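The structure appears right after this line, and notes come after that.
The values are calculated or read from the model by the stated rules, or taken from the named source; none is laboratory data. All values reported here derive from a predicted model rather than from experimental measurement. All Cβ positions, glycine included, derive from the backbone under ideal geometry; neighbour counts span all protein chains shown.
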Amino acid sequence: MFGRLTSLQDSLLDEFWRLHQEMDEMLGDGLSSAGGIRSAPRGTFPAVNVIQTPAEVQVYLFAPGVDPKKLDVSVQRGLLTVSGERKIPVHDEATYYRQERFSGEFRRAISLGDDVDPDKVEAKYRDGILQIQVRRRESAKPRQIEIH
């Protein structure tokens, strides 16, 4: 008697879990469209911070588990492009109830503006964070004009 009840409970839980996953995929977490904690759509990898100063643009890509030798970073016409791949081992005999870590190829494109100098770009990878520093052209930097 309890075997049939347990089986029914398990199938109901499985169905609720499937429905939960489908709703989560359709609606996301509800914060991305509102500009809340996450400003990028669900599943966007790697997360990015962009900081601008009068002298430069700094970009931080949070990419733990990525081999920095397999990253491709380029700047062309004010567009920074970073692409690569993160491989996460999958256990065939396991059942995944939730898998939020991104695995696979990725590509992020960030508009830096026309005033950046593509010859003055530095990239460093440390502790899972790729830091890219792009200097602005000297002619684009603000300068003080003396009045006589």
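Observations on the structure shown:
- Top-ranked residue in the range 99-122 [being assigned to a loop (DSSP other than H, G, I, E, B) and touching a residue at least 40 places away in the same chain (Cβ under 8 Å); ranked as nearest to Val57 (Cα to Cα)]: Leu112
- Selection status of Ile88, within 22 Å of the chain's Cα centre (by Cα), within 30 Å of Glu15 (Cβ to Cβ) and either part of a strand (DSSP E or B) or free of Cβ contacts under 8 Å to residues at least 40 places away in the same chain (or both): yes
- Count of the range 123-140 residues, restricted to those that are part of a loop (DSSP other than H, G, I, E, B) and within 14 Å of Pro54 (Cβ to Cβ), is 1.
- Test: residue in the range 103-120 that is among the hydroxyl-bearing types (Ser, Thr, Tyr), outside the structural domain of Trp17 (by TED's automatic domain parsing) and modelled with pLDDT under 90: yes
- Candidates Val59, Val75 - the one that is over 17 Å from the mean Cα position of the chain (by Cα), outside any loop (DSSP other than H, G, I, E, B) and closer than 30 Å to Gln144 by Cβ: Val75
- Close contacts from the range 38-59, counting a first residue that is modelled with pLDDT of 75 or more and a second that is part of a loop (DSSP other than H, G, I, E, B), with Cβ to Cβ under 6 Å and a gap of 6+ residues or different chains, come to Phe45/Phe102; Pro46/Ala63; Pro54/Lys141; Pro54/Pro142; Val57/Leu112.
- Among the candidates Glu105, Glu93, residue that is of a type in the set (Asp, Glu) and within 12 Å of the chain's Cα centre (by Cα): Glu105
Okay, residues lined up against (1) of a type outside the set (Asp, Glu); (2) surrounded by 10 or more Cβ atoms within 10 Å (Cβ to Cβ):
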{"position": "Arg77", "(1), (2)": "yes, no"}
{"position": "Val82", "(1), (2)": "yes, yes"}
{"position": "Glu85", "(1), (2)": "no, yes"}
{"position": "Ile88", "(1), (2)": "yes, yes"}
{"position": "Glu93", "(1), (2)": "no, no"}
{"position": "Gln99", "(1), (2)": "yes, no"}
{"position": "Gly104", "(1), (2)": "yes, no"}
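- Condition met for Arg135 (surrounded by fewer than 10 Cβ atoms within 10 Å (Cβ to Cβ), over 30 Å from Leu13 (Cβ atoms) and touching an Asp or Glu at 6+ places or on another chain (Cβ under 8 Å)): no
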